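Below is one structure, written out as structure tokens; comments come after it.
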Amino acid sequence: MNLFAAKRIVLAAIATSLYCLPANSQDIIVKANRPVATIQPHMWGIFFEDINMGADGGIYAELVKNRSFEFFKPLMGWKVQGKKVKEGDVTVLHQEKEKPSNPRFLRLKPKQAVVGDMGLLNEGFRGMGVKKGLRYDFSLQYRLTGTAKLHVILEDSSSEVLGRAELPLTTSAAWSTKGISFESSATVLKARLKIWVEGDGVLDMDMVSLFPTDTWKSRPGGMRSDMIQWLADMKPGFVRFPGGCIVEGFDLANRYRWKNTIGPVDQRQLIMNRWNIEFAHRLTPDYFQSFGLGFFEYFQLSEDIGAEPLPIVNCGMACQYNSAEFASLDELDPYIQDALDLIEFANGDVTTVWGKVRADMGHPAPFNLKMMGIGNENWGPQYIERLKLFTDAILKKYPGFKIVNSSGTDPEGERFNYLDKELRNMNASIIDEHYYRRPEWFLQNASRYDQYPREGSKIFAGEYAAQTDRGASPNNTNNWRGAIAEAAFMTGLERNAGVVEMASYAPLFAHAEGWQWKPDLIWVNNLQSYGTPNYYVQKLFATNKGTHVLSILFNNETLAGKDSLYASAALDSIAGEVVIKLVNVSSRSVIKPIVLEGVKKVDQRGKLILLRHDVPEAENSFEQPLNVAPAEKEIKITGKKIQFEMPARSFSVLRIKVR
Ligand code: AHR
């Protein structure tokens with residue numbers, strides 16, 4: 001349906017006289033002819049952060065860990081092998097002349113070496129997941145004096161060979177790149193890469209890499225397609241990247257600097273991932289950011305999946321829970337310049353400095369960046385004074401650009417109140433609120449936004465997730481109890497879409513053997529991935545969002561906890577459907593009539609998507625990925641009053657075609 005027709009449906013719905021039914025206090029009444037507010041097309045989005053091995057070891061499909069020997073311990077992930085290796089035969093060299101951002105490399109001195117004499121073994125990120133019949137691309141950068149041939153072997157944990165290839169290297173005084181491909185003969189969760197050096201001379205190695213060829217959109221050096229598919233299936237309205245606390249860094253030196261994440265991958269300077277050391281109970285010493293995925297790739301990903309990009313930049317403040325280091329105000333300019341340059345990188349004409357960089361990376365067309373977050377969970381007057389400087393500079397150069405502003409770490413309390421007041425005084429366009437709270441909080445706060453001012457600043461529920469134990473506890477789980485509470489809360493977000501313009505669950509990904517933070521939306525191992533019950537809640541909202549909020553009332557009140565029921569309704573003017581979301585958190589099934597007011601005709605066939613489970617503690621897993629998953633069925637509708645059953649502990653999405 002085209003936009004014109006869509007508009008007609010809204011107007012027709014508004015023009016239709018109220019359909020009168022005998023007042024019945026047991027009816028749930030949807031006023032289909034009374035759109036209350038517009039729902040932003042990008043309302044439901046995703047929050048991506050490189051936490052829990054989300055990027056390296058996660059969506060970034062590189063299988064070699066520490067490929068550039070730039071980890072704090074240069075040989076972490078590697079083992080030197082061979083019966084003829086003597087002291088000084090394999091060394092780590094540091095030479096900044098040619099590669100200042102990637103100065104380390106490995107120097108091997110084979111002496112008439114044959115297979116078994118000198119080699120390397122890379123363990124991958126908790127092993128390497130490989131698939132039977134799939135081609136793998138091996139490559140490296142090297143310099144060579146003398147002769148050398150590499151025997152590249154993919155093997156399982158008992159040294160059973162899965163695939164192999166021989167790569168003869170030609171003498172080269174300058175760094176050159178060479179590669180070879182081979183297939184894996186089996187599917188193995190924890191394979192490893194062995195490289196034997198045959199030859200005589202001096203061989204320098206860097207950027208030793210192994211990629212699967214089934215990456216997202218088959219891009220060489222790209223992303224793990226099964227993980228990205230989960231995101232694409234959600235049809236998210238935006239992608240917030242690169243975090244999260246990772247934007248702030250443990251200290252300013254460790255902050256996320258987008259300019260270091262673009263251009264040729266071997267020139268992207270690796271840094272420690274701040275989640276490496278964040279939690280004493282989940283230390284992850286091998287967690288670094290190679291930036292094989294950087295800002296170009298995140299913009300490209302957003303474009304691929306039809307989502308608005310929402311980058312967050314450092315505001316001159318490191319994490320206030322860690323170093324709480326602030327850039328002095330008289331040295332804030334480079335930080336502000338980074339933000340301005342980012343807009344140019346995303347949108348600038350190819351004749352601009354940063355627009356040209358984007359074009360040189362293969363994307364001459366702009367990415368159409370419309371919004372950007374300044375700071376992550378920063379707070380206090382120090383934040384406000386820095387934010388004002390950013391805001392003035394950005395709006396001066398790019399009037400109308402949307403700035404997302406932090407309201408700190410918590411959705412209430414002194415810090416929150418201070419920021420909320422200051423930001424509203426500044427006429428901030430969007431305020432980013434975060435809530436990592438118990439499921440009960442989500443239920444109690446389903447009407448949080450009913451009282452928010454309709455005018456002025458809009459809200460971005462930028463990070464939230466029900467914590468079944470306590471905030472960021474390792475005992476949190478992605479169970480149905482948490483997910484259904486989020487669904488109930490999200491009806492409140494949708495009901496208030498005129499105020500809450502965007503929302504995203506956080507964090508997004510977690511590797512089963514590499515996580516730091518629970519709960520998370522999508523769990524993966526080296527080969528598999530599954531969506532949690534929380535994922536299905538997010539997906540159902542995002543794929544059934546509608547275009548306009550409709551009023552849905554029970555006894556003239558919003559359904560936000562009464563009788564354990566929660567509800568929202570929307571008109572999808574494009575599909576010509578009323579979309580009703582109903583959450584029953586109680587342990588008994590409830591039958592209630594739903595009355596559609598203000599429609600001329602109701603189609604006799606509707607669609608019901610039901611997400612439910614009897615057991616609040618139910619979870620999904622690699623073994624049972626669909627334990628809590630939506631089921632779809634057609635329902636018969638006779639007239640404008642529908643007897644509707646909301647099963648115990650259920651989230652129902654009802655789609656009804658109307659005229
Ligand atoms: O989502 C995990 C972390 O929670 C984010 O990095 C941070 O913004 C919040 O505290």
Those strands (runs of 3 or more DSSP E) lying entirely in segment 517-615 with at least 2 residues at negative phi, among the basic types (Lys, Arg) and at pLDDT below 95: none
Which condition number does SER573 fail, the rest of (1) of a type outside the set (Phe, Trp, Tyr); (2) surrounded by fewer than 22 Cβ atoms within 10 Å (Cβ to Cβ); (3) touching a Gly at 6+ places or on another chain (Cβ under 9 Å) being met? (2)
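Can you say whether SER159 is surrounded by fewer than 19 Cβ atoms within 10 Å (Cβ to Cβ) and either modelled with pLDDT of 95 or more or more than 17 Å from SER209 (Cβ to Cβ) (or both), as far as the supplied structure shows? Can you show your working first?
Working: surrounded by fewer than 19 Cβ atoms within 10 Å (Cβ to Cβ): yes; either modelled with pLDDT of 95 or more or more than 17 Å from SER209 (Cβ to Cβ) (or both): yes.
Spelling it out, SER159 is indeed surrounded by fewer than 19 Cβ atoms within 10 Å (Cβ to Cβ) and either modelled with pLDDT of 95 or more or more than 17 Å from SER209 (Cβ to Cβ) (or both).
Output the residues belonging to segment 613-634 that are in contact with a Leu (Cβ under 6 Å, 6 or more places away or on another chain) and touching a residue at least 24 places away in the same chain (Cβ under 8 Å).
Of all residues in segment 613-634, those in contact with a Leu (Cβ under 6 Å, 6 or more places away or on another chain) come to 630-631, 633.
Across segment 613-634, the qualifying residues are PRO630, LYS633.
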Please state which one of ASP450, ASP420, ASP432 is within 16 Å of the ligand (Cβ to nearest atom), modelled with pLDDT of 95 or more and more than 30 Å from SER621 (Cα to Cα). ASP432
Go through the residues of segment 47-59 one by one and say whether even a single one is of a type outside the set (Ser, Thr, Tyr) and over 23 Å from ILE277 (Cβ atoms). no
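Just the residues that are among the charged types (D, E, K, R) and within 14 Å of the ligand (Cβ to nearest atom), please, taken from segment 367-386. Reasoning before the result, please.
Pass one, segment 367-386, residues among the charged types (D, E, K, R): 370, 377, 385-386.
Listed by number, the list holds a single entry, GLU377.
Going by the conditions given, is ARG415 over 30 Å from LYS518 (Cβ atoms) and surrounded by fewer than 18 Cβ atoms within 10 Å (Cβ to Cβ)? So that I can check it myself, show each step before the final result.
Working: over 30 Å from LYS518 (Cβ atoms): no; surrounded by fewer than 18 Cβ atoms within 10 Å (Cβ to Cβ): yes.
So ARG415 fails the test.
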Return yes when LEU210 is touching a Leu at 6+ places or on another chain (Cβ under 8 Å), without any contact (Cβ under 8 Å) to a residue 40 or more places away in the chain, part of a strand (DSSP E or B) and hydrophobic (A, V, I, L, M, F, W, C) and no when it is not. no
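Quick test for you: out of ILE609, ILE637, pick the one residue that is touching a residue at least 60 places away in the same chain (Cβ under 8 Å) and among the β-branched types (Val, Ile, Thr). First the steps, then the outcome.
Details: ILE637 fails: touching a residue at least 60 places away in the same chain (Cβ under 8 Å).
Being touching a residue at least 60 places away in the same chain (Cβ under 8 Å) and among the β-branched types (Val, Ile, Thr) holds for just one of ILE609, ILE637, which is ILE609.
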Check whether at least one residue in segment 319-328 is within 16 Å of the ligand (Cβ to nearest atom), surrounded by 19 or more Cβ atoms within 10 Å (Cβ to Cβ), in contact (Cβ under 8 Å) with a residue 12 or more places away in the chain and not aromatic (Phe, Trp, Tyr), and report yes or no. yes
Give GLY471, GLY482 a once-over and let me know the one that is within 16 Å of the ligand (Cβ to nearest atom), crowded, with 22+ Cβ neighbours inside 10 Å and either assigned by TED's automatic domain parsing to the domain that holds PRO285 or in a strand (DSSP E or B) (or both). GLY482
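Select from segment 459-468 the residues that are of a type in the set (A, V, I, L, M) and closer than 19 Å to GLY408 by Cβ and write down the one among them that is farthest from the ligand (Cβ to nearest atom).
Here is the first cut: in segment 459-468, the ones of a type in the set (A, V, I, L, M) are 459, 461, 465-466.
Okay, now just the ones that are also closer than 19 Å to GLY408 by Cβ, so 459, 461, 465.
Numbers: ILE459: 16, ALA461: 13, ALA465: 8 Å.
The residue in question is ILE459.
Among the residues that make up segment 224-234, is at least one of them assigned by TED's automatic domain parsing to the domain that holds ASP410, in a loop (DSSP other than H, G, I, E, B) and away from the ligand (no atom under 16 Å from the Cβ)?
Just the residues of segment 224-234 that are assigned by TED's automatic domain parsing to the domain that holds ASP410, to begin with: 224-234.
Filter once more, keeping what is in a loop (DSSP other than H, G, I, E, B): none.
No.
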From (1) within 16 Å of the ligand (Cβ to nearest atom); (2) surrounded by fewer than 20 Cβ atoms within 10 Å (Cβ to Cβ); (3) of a type outside the set (A, V, I, L, M), pick out the condition that doesn't hold for LYS83. (1)
Can you tell me which residue within segment 239-268, out of those that are in a loop (DSSP other than H, G, I, E, B) and surrounded by fewer than 18 Cβ atoms within 10 Å (Cβ to Cβ), is farthest from the ligand (Cβ to nearest atom)? PRO264
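Take segment 42-55 and flag every residue that is within 16 Å of the ligand (Cβ to nearest atom) and either outside any loop (DSSP other than H, G, I, E, B) or modelled with pLDDT under 95 (or both). Talk me through it step by step, then tell me what you get.
Residues of segment 42-55 within 16 Å of the ligand (Cβ to nearest atom): 45-55.
Within segment 42-55, ILE46, PHE47 meet the criteria.
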Scanning segment 269-300 for residues that are within 17 Å of the chain's Cα centre (by Cα) and among the small types (Gly, Ala, Ser), the one farthest from the ligand (Cβ to nearest atom) turns out to be GLY292
Can you tell me which condition LEU443 does not meet? The list is (1) surrounded by fewer than 24 Cβ atoms within 10 Å (Cβ to Cβ); (2) more than 16 Å from the ligand (Cβ to nearest atom); (3) part of a loop (DSSP other than H, G, I, E, B); (4) at negative phi, and all the others hold. (3)
As an exercise: evaluate MET361 against (1) closer than 15 Å to ARG255 by Cβ; (2) in contact (Cβ under 8 Å) with a residue 24 or more places away in the chain; (3) under 27 Å from the mean Cα position of the chain (by Cα) and give the number of the one condition it does not meet. (1)
Exactly one condition in (1) within 16 Å of the ligand (Cβ to nearest atom); (2) over 27 Å from the mean Cα position of the chain (by Cα) is false for LEU389; which is it? (1)
Of all residues in segment 523-540, how many are surrounded by 24 or more Cβ atoms within 10 Å (Cβ to Cβ) and of a type in the set (A, V, I, L, M, F, W, C)? 3
Tell me whether segment 598-608 contains one or more residues that are polar (S, T, N, Q) and over 29 Å from the mean Cα position of the chain (by Cα). yes
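Only residues that are assigned to a helix (DSSP H, G or I) and within 16 Å of the ligand (Cβ to nearest atom): list them for segment 392-417, please. Full working, then the answer.
Keep residues of segment 392-417 that are assigned to a helix (DSSP H, G or I), which gives 392-397, 414-417.
Result: ARG415, PHE416.
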Picked from segment 607-638 (must be closer than 24 Å to ALA560 by Cβ and touching a strand residue (DSSP E or B) at 6+ places or on another chain (Cβ under 9 Å)), the residue surrounded by the most Cβ atoms within 10 Å (Cβ to Cβ) is VAL628
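The values are calculated or read from the model by the stated rules, or taken from the named source; none is laboratory data. Keep in mind the model is a prediction, meaning the values are calculated, not measured. Reconstructed Cβ throughout: ideal geometry from the backbone, glycine too, with neighbour counts over all protein chains shown.
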